[in-house]
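To keep things clear, I will list the structure first and then write my remarks on it.
The values are calculated or read from the model by the stated rules, or taken from the named source; none is laboratory data. From a predicted model like this one, the values you see are computed outputs, not experimental measurements. Positions of Cβ are generated from backbone atoms using ideal geometry, with glycine treated the same way; all protein chains shown enter the neighbour counts.
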Amino acid sequence: MYRDTALDDEEAVMNGSKRRHVLTDNGQGVTGAVRALRASDLGPVELVEECLKRIQASEPEVEAWVEIDAENAKRTAARQAALSREEARGLPLLGIPIGVKDIIDVAGLPTRAGSALRAGHRAECDAPIVKILRDLGAIILGKTETTQFACQDPARTRNPWNLERSPGGSSAGSAAAVASGCAWPRSAPRPAGRSRAPRASAGSRASRAHGARGRSKASCR
């Protein structure tokens, strides 16, 4: 279903640099993945494994991820694959792997916000938006890089279309992960267009999640 268009070194050049870590899906994105999952043309385990394979291939150079929660993602995918058709029907995002921007809490994972001041921090529980996504069937792959506190300081992430350039900010890792085919959507609040800018730089789309956001501990209660 998804066509990998990563090119060999001797092939096409874009923006003056080799195009190495880009995955295209003919514009289908999440919609195409959901349709394939519902038609049983694709399973949650297969989709998660494909994303993890792409992360392994691209991450050494792109550096889009803070931490990858591969084992939990695999376990969740296996549980979902065992659901009956009736159980799966109530999960509109069943099997969809996502990355969560590193200013949003995911239980057991770091929330460093791109800052050395938060080194060693681990979230105790999911932020409300993460709980909602899980309840809808999304599979959390891990945390994606952000500029420091989602402001101006650049993230370490490279643009997968041109490794000599930045994808911008503040959602640098999120945009690069999607463009690299490592995750489908990603979760991030959008301060002042800081999702649209990196998405445009990395050649992917952006959308804004309204309502539940931030590091609220409401889901710990």
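Some observations on this one:
- Selection from the range 158-196 of residues that are modelled with pLDDT under 80 and more than 16 Å from the chain's Cα centre (by Cα): Pro191, Ala192, Gly193
- Pairs are defined by a Cβ separation below 9 Å, a sequence spacing of at least 6 or placement on different chains, a first member in the range 120-144 that is on the phi > 0 side of the Ramachandran plot, and a second member that is charged (D, E, K, R) and buried (at least 18 other Cβ atoms within 10 Å of the Cβ); the pairs so defined are Gly120/Arg112; Gly142/Asp69.
- Candidates in the range 81-104 are the residues that are among the acidic types (Asp, Glu) and out of contact with any Pro (no Cβ under 9 Å at 6 or more places or on another chain); of these, the one that is surrounded by the most Cβ atoms within 10 Å (Cβ to Cβ) is Glu87.
- Against the conditions (1) buried (at least 23 other Cβ atoms within 10 Å of the Cβ); (2) modelled with pLDDT of 85 or more, Glu124 satisfies every one except (1).
- Of Ala70, Ala78, Ala113, all but one fail to be over 30 Å from Phe149 (Cβ atoms), surrounded by fewer than 23 Cβ atoms within 10 Å (Cβ to Cβ) and of a type in the set (A, V, I, L, M, F, W, C); the exception is Ala78.
- Any hit, the range 98-115, residues being within 19 Å of the chain's Cα centre (by Cα), among the hydroxyl-bearing types (Ser, Thr, Tyr), over 18 Å from Gly137 (Cα atoms) and modelled with pLDDT of 95 or more: yes
- Matching entry among Glu87, Glu61, Glu50 (being of a type in the set (Asp, Glu) and farther than 30 Å from Ser166 by Cβ): Glu87
- Verdict on Lys101 being within 29 Å of Cys151 (Cα to Cα) and touching a strand residue (DSSP E or B) at 6+ places or on another chain (Cβ under 8 Å): yes
- Of all residues in the range 162-185, those that are farther than 25 Å from Lys74 by Cβ and touching a residue at least 24 places away in the same chain (Cβ under 8 Å) have Cβ atoms under 7 Å from Cβ atoms of residues that are acidic (Asp, Glu) and not in a strand (DSSP E or B), 6 or more apart or on another chain, in Leu163/Glu61; Ala172/Glu145.
- Against the list (1) within 18 Å of the chain's Cα centre (by Cα); (2) at pLDDT below 90, the condition Ile68 fails is (2).
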